Amino acid sequence: MLFTIAFPSTRVSGAFMLRLLLLALASVIALGSYSETADAKKRKWKKKRVSYKARVVEVNFGLPKGTIVIVNWQRRLYYTLGNGKAKRYRVAVGERDELWTGRTFISMMRENPDWHPVDGSPMVEGGKPGNPLGKRALYLDWSLLRIHGTPYRRSIGGSVSNGCIRMYNEDVIDLANRVHLGAPVIAVNRIRDIWKFREDKFTGKLPAWKGQVAVWKEQDREMARARKRGMTLRDYRRWLKTSGARRRVAGSTVSRSRRARSRRATVRRANTRRSGYRRIRRR
């Protein structure tokens, strides 16, 4: 049965008031569910942030205690503890052109190391907040590769370096306190590729993908051209950019590759003709 409520200036029906009450109740329920969802997302985000911290995990590499394993695609570094366990750290690896695999070893450790850029930039003293090597540096064999800390915490988890392995400063300090000189270091793209470097044999820095050898050769040629002109690599690249000589260098590289392709095509055609002649003679 319909009824009315009298107001000073208007008259509202009971059905309309019932609709208003239902709408208000539905809005309260929706707001409650939205707040619960937001709280759940916040809890999930906090839990994900905690998972970035170094922790002990169960993983069986079949390697002796004290071995360091770097998995490029996971952006993780494992320090084996024995009994099927390892301590896992989050790291940053090299860019696509600088990514590497292989087996090497720890040759030297430094606390608050100085940074000497290879492109001729001025040296940065150790212990300063902006030092790219952070608080500790673990040097790999006789190369320029290192496992080191970094002040750029946002870069951890990416593929950003020139081949070095970056870690949080607190993580690299913990790793340096555990590791010993001569400890083996194995870098692989996937965990299942560890069998390639299970043998105790030094391989050094190996390319991580097929086209990387050509990139490294081009970098060596660029370094040789810079030395020939008596420049550092940084000054040579700046000179190429400002003088317009980059086009000539790129043109010579392209023409060289075109000549190589044309030679391969000529050899292929000659082999095809020979095979055709052999078929005719067999008939």
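The values are calculated or read from the model by the stated rules, or taken from the named source; none is laboratory data. Keep in mind that this is a model prediction, so the values were computed, not measured. Because the Cβ atoms are built from the backbone with ideal geometry, glycine has one as well, and the counts that use them run over all protein chains shown. Note: areas computed on protein heavy atoms with side chains; ligands, DNA, RNA excluded. Shrake-Rupley method; radii C 1.70, N 1.55, O 1.52, S 1.80 Å.
Starting from the 7 Å offset along Cα-to-Cβ, what nm value, one decimal, do you get for the label separation of Asn177 and Val59?
2.2 nm
7 Å from Cα along Cα→Cβ at both Arg192 and Lys128: what's the point-to-point distance in nm?
Calculated label separation equals 4.7 nm.
Provide the packing ranking of 143-156, 189-202, i.e. peptides ordered by the mean count of other C-beta atoms within 10 Å per residue, highest first. Walk me through the numbers before you get to the answer.
Numbers: 143-156: 18.1, 189-202: 12.5.
Highest mean packing first, the order is 143-156, 189-202.
Could you list, in their original order, any pairs among Lys87/Lys135; Lys87/Lys128; Lys53/Lys135 whose Cα atoms are separated by more than 25 Å?
Details: Lys87/Lys135 20 Å; Lys87/Lys128 28 Å; Lys53/Lys135 18 Å.
Result: Lys87/Lys128 exceed 25 Å.
Using a probe radius of 1.4 Å on heavy atoms only, what accessible surface per residue do you get for segment 119-180? Whole Å² is fine.
Details: 2960 Å² over 62 residues.
That works out to 48 Å² for each residue.
Report the local net charge at Ile165: Lys and Arg +1, Asp and Glu -1, summed over other residues whose C-beta lies under 14 Å from its C-beta.
Details: positive: Arg75, Arg76, Arg88, Arg90, Arg136, Arg146, Arg166, Lys205; negative: Glu95, Glu98, Asp141, Asp171.
Here the charged neighbours net out to +4.
Please sort 61-67, 167-173 by packing, taking for each peptide the average over its residues of neighbouring beta carbons within 10 angstrom, highest first.
Working: 61-67: 14.7, 167-173: 19.9.
So the order, starting with the most tightly packed, is 167-173, 61-67.
Return the FRET efficiency for the residue pair Ser107, Val267: r is the Cβ-Cβ distance, R0 is 30 Å, and the value is rounded to the nearest 0.05.
Values: r = 45 Å, r/R0 = 1.51.
Once the sixth-power term is evaluated, E becomes 0.10.
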